[in-house]
Amino acid sequence: MLVDLFHYLTTPAPWSHRRRGYLRESVLLLSRSRRCRTAWEPHLTRARAVIMRACEGLPRYRTVVVLGSGLLDDVPLDHLARRFTHIRLVDAVHPWPTRWTVRHRPDVTLVTADLTRPGAVPDHGGGPEIDLVISANLLSQLPILPVDGSGGADPQLGGRIVRAHLDGLSRLAARVCLVTDVLQTEEDRDGRVTDRLDLLHGVPLPTPDAAWTWDLAPFGEAARHRRLVHRVHGYADWHAALGGPDRP
């Protein structure tokens, strides 16, 4: 609790991001990441593997942009640094563990941005010097706070936010790597599914390059006799998954 309070009080974040809850969510994620590190490691390993695959065979290695860089748990930073001249990390909040990791890395730039804002993807991933854009376990997170804040007044809001992010990625000239969770299931200790939640608000995705499960909240984390499991899709080349770079 004291560690969480320290991060909440000291993490640099614009007042607007604090007011919208981005800092609170970042601190909660940091806390859960510490508690669930063992359960999360298989997922993080698979996510990093998709990102490393996305780095293969690019014509140039100038700038890579990571949208939703967060704690960098799922980002193979050293792998990216060995290949790209510059790394741009974009998120609403850059927590202290991330800031500490990159403190002596002149090849890394931290960009603070609200990625739910219309136009955020082309603004941060559309430069001519960018050769790879990574959306790292971000897509399903984007609608959470806006949908909660709407109080259910706009049932289409979540789907619009998801589609806007995907449309933005699809229009980028750079190669795009997408890693996202798509479905949450709640299971009891007998393996029975007691609830399901579509994390992408009805927006379909093409067949992924890789798919796996993420033990997001093991037994005892969210509830004593329930666990939350996420289905994750990984796309090393989003344009190829859609059928070509010109498909919207």
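The values are calculated or read from the model by the stated rules, or taken from the named source; none is laboratory data. Note that the structure is a prediction, hence the values are computed from the model and not measured. Please note: Cβ atoms are built from the backbone with ideal geometry, for glycine as well, and neighbour counts cover all protein chains shown. Ligands, DNA and RNA are excluded from the accessible area calculation, which covers all protein heavy atoms including side chains. Shrake-Rupley method; radii C 1.70, N 1.55, O 1.52, S 1.80 Å.
Annotations for the structure displayed:
- Residues in segment 198-213 that are closer than 15 Å to ILE51 by Cα and touching a helix residue (DSSP H, G or I) at 6+ places or on another chain (Cβ under 8 Å): PRO208, ASP209, ALA210, TRP212.
- Yes/no for LEU178 being part of a strand (DSSP E or B), open to solvent by 40 Å² or more (accessible area, probe 1.4 Å), of a type outside the set (Lys, Arg) and in contact (Cβ under 8 Å) with a residue 40 or more places away in the chain: no
- Residues that are of a type outside the set (D, E, K, R), outside any helix (DSSP H, G or I) and at pLDDT 95 or above within segment 35-61 comprise CYS55, GLY57, LEU58, PRO59, TYR61, listed in sequence order.
- Pair list, Cβ under 6 Å, 6 or more apart: segment 1-28 residue of a type in the set (Gly, Ala, Ser), other residue open to solvent by less than 40 Å² (accessible area, probe 1.4 Å) and in a helix (DSSP H, G or I): ALA13/LEU23; GLY21/LEU145
- Summed over segment 66-79, residues that are in a helix (DSSP H, G or I), out of contact with any Cys (no Cβ under 8 Å at 6 or more places or on another chain) and not acidic (Asp, Glu) total 1.
- Screening HIS104 on (1) more than 14 Å from the chain's Cα centre (by Cα); (2) touching a residue at least 60 places away in the same chain (Cβ under 8 Å) shows it passes everything except condition (2).
- Taking the criterion of being part of a loop (DSSP other than H, G, I, E, B), at negative phi and loosely packed, with under 13 Cβ neighbours inside 10 Å, the residues of segment 207-224 that qualify are THR207, ARG224.
- Of the candidates ARG46, ARG20, the single residue that is charged (D, E, K, R), within 22 Å of PRO143 (Cβ to Cβ) and crowded, with 16+ Cβ neighbours inside 10 Å is ARG20.
- Residue in segment 190-202 that is of a type in the set (A, V, I, L, M), within 17 Å of the chain's Cα centre (by Cα), part of a helix (DSSP H, G or I) and modelled with pLDDT of 95 or more present: no
- Residues in segment 203-243 that are small (Gly, Ala, Ser), in contact with a Pro (Cβ under 9 Å, 6 or more places away or on another chain) and modelled with pLDDT of 95 or more: 2 in all.
- Scanning segment 165-175 for residues that are open to solvent by 40 Å² or more (accessible area, probe 1.4 Å) and assigned to a helix (DSSP H, G or I) turns up just one, ASP167.
- Qualifying residue in segment 125-140 (condition: more than 17 Å from the chain's Cα centre (by Cα) and among the acidic types (Asp, Glu)): yes
- Annotation: ALA13 fulfils all but one of (1) over 21 Å from LEU142 (Cα atoms); (2) open to solvent by 10 Å² or more (accessible area, probe 1.4 Å); the unmet one is (1).
- Test: residue in segment 40-63 that is among the aromatic types (Phe, Trp, Tyr), without any contact (Cβ under 8 Å) to a residue 60 or more places away in the chain and farther than 29 Å from ASP4 by Cβ: no
- Selection of segment 23-43 for residues being in contact with a Lys or Arg (Cβ under 9 Å, 6 or more places away or on another chain) and open to solvent by 40 Å² or more (accessible area, probe 1.4 Å) yields only ARG24.
- Per-region count, segment 16-51, residues more than 24 Å from VAL93 (Cα to Cα) and touching a helix residue (DSSP H, G or I) at 6+ places or on another chain (Cβ under 9 Å): 0
- Some residue of segment 182-189 being touching a residue at least 12 places away in the same chain (Cβ under 8 Å), over 26 Å from ARG35 (Cα atoms) and hydrophobic (A, V, I, L, M, F, W, C): no
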